[in-house]
Amino acid sequence: KSILWIFTAIVIVCLVFLFIKAKDKEQYKIVFITKSINPEFDFWQTVKMGIELAAKEENALIEVRGPYYEKDIDRQKEILEETISQHPDIILLAAANTDDLADLIERAKKEKITLLTVDSMTEGVKVVSHVGTNNIEASGALARYVAQSIGQQGEVIMINFVEGVSTAKEREEGYKKEMEKFSKITVLPTVYSDGTVEGSYKIAKKVIKDYPNVKAIIGANQQTADGICEAILELDLSHKIKVVGFDSSDTIIYALEKGVMDAIIVQKPFNMGYLSVKYAVEAKRGKVVPAFLDTGYKFIDKDSLCLTENQKLLFPIIK
């Protein structure tokens, strides 16, 4: 009887082990719902590269969906609803609005879809995990640099992107919180573009006209920074107005080299995409993952532009 019990126990252990291994090898269907599929939006293209590499390593099927413009929140909601109805295993969501997607996220949870947010989060609903940058901290670092570069006095303004996005809210919050420390700095009302380069270019020209004494302009993402740089170049104001921003592009890197732009905060979009897949797969397999993973950022100016570590961020090798 003892031998029989031992044999039975060994068989059970082996079956459990084989079940776990089979579960680990299960091929998952992952859908990444981005804020923009515009191929000129370097940030989201780099996030996508990280997602695709991790999906390949995990033998997962990956599909990327999203509106063309970040401002098209209604279209993203439609895409999320369509995706939930198709019951993928995992959804990675870059939320275009903090509030409007909560009901759909709850629906995805009820249908046992593992959902993580990437870069931009939602409010009023809990997800498995959020993978992104500590935007309040990053924006504060950028504001601190601006304050020092203008002698801690004068007018400053932020040109933000799509209103209602968590990253837009957080970057404005971090910037204003830091600027409050400098009594001689006047923080002008934040203005919003439509999340496009062209829209940001027009807004930047209007800002310069409306506030002729402005000393610094902060672009809250790649598209706004691109548009500001184009306006500053056209008006030949690179030595009069300090320009800083988030993310990188060919336009931004050129502007840094030429002194049109003074500094940028570079996030780690490749890591963001890669780790979101890894975390999602772990969660799907029943493992506990952190509620928030801060992927970090780097401050880059003209002097540090050519450092090897920064070149890797600005030009991912997979690119």
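Any read-out appearing in this document is the output of simple, stated calculations on the displayed coordinates, not a laboratory observation. Fair warning: this is a prediction, and the values are worked out from it, not measured in the lab.
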Item to check | Gyration tensor verdict on region 146-251 (Cα atoms; rounded if a/c is under 1.5, prolate if a/b is larger than b/c, oblate otherwise) | outcome: oblate
Checklist entry - For region 62-68, what does the Karplus curve 6.51 cos²θ - 1.76 cosθ + 1.60, with θ = phi - 60°, yield as ³J(HN,Hα) per residue in whole Hz, taken in order and with x for Gly and Pro? => result 10, 9, 10, 10, x, x, 6
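From the cross-link list Lys240/Lys312; Lys181/Lys298; Lys177/Lys240, which pairs have alpha carbons spaced over 28 Å apart?
Details: Lys240/Lys312 31 Å; Lys181/Lys298 23 Å; Lys177/Lys240 25 Å.
Check vs 28 Å cut-off fails for Lys240/Lys312.
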Item to check | Debye log10 I(q)/I(0) for region 188-242, one point scatterer per Cα, at q = 0.26 Å⁻¹ | outcome: -1.06
Checklist outcome for this item: At q = 0.09, 0.20, 0.23 Å⁻¹, the log10 of I(q)/I(0) for region 199-319 from a Debye sum over equal Cα scatterers comes to -0.33, -1.02, -1.23
Item to check | Distribution of pairwise C-alpha distances over the chain, 20 Å bins, in % | outcome: 32, 50, 15, 4, 0
Checklist outcome for this item: Asserting the computed 222 nm helical MRE of the chain (DSSP H runs at least 4 long, -39500 (n - 2.57) per run, divided by residue count, to nearest 500) equals -15000 deg cm²/dmol
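Based on the alpha-carbon gyration tensor of region 54-139 and its eigenvalue square roots a ≥ b ≥ c, which shape applies: rounded if a/c is under 1.5, prolate if not and a/b is larger than b/c, or oblate?
Here region 54-139 falls in the rounded category.
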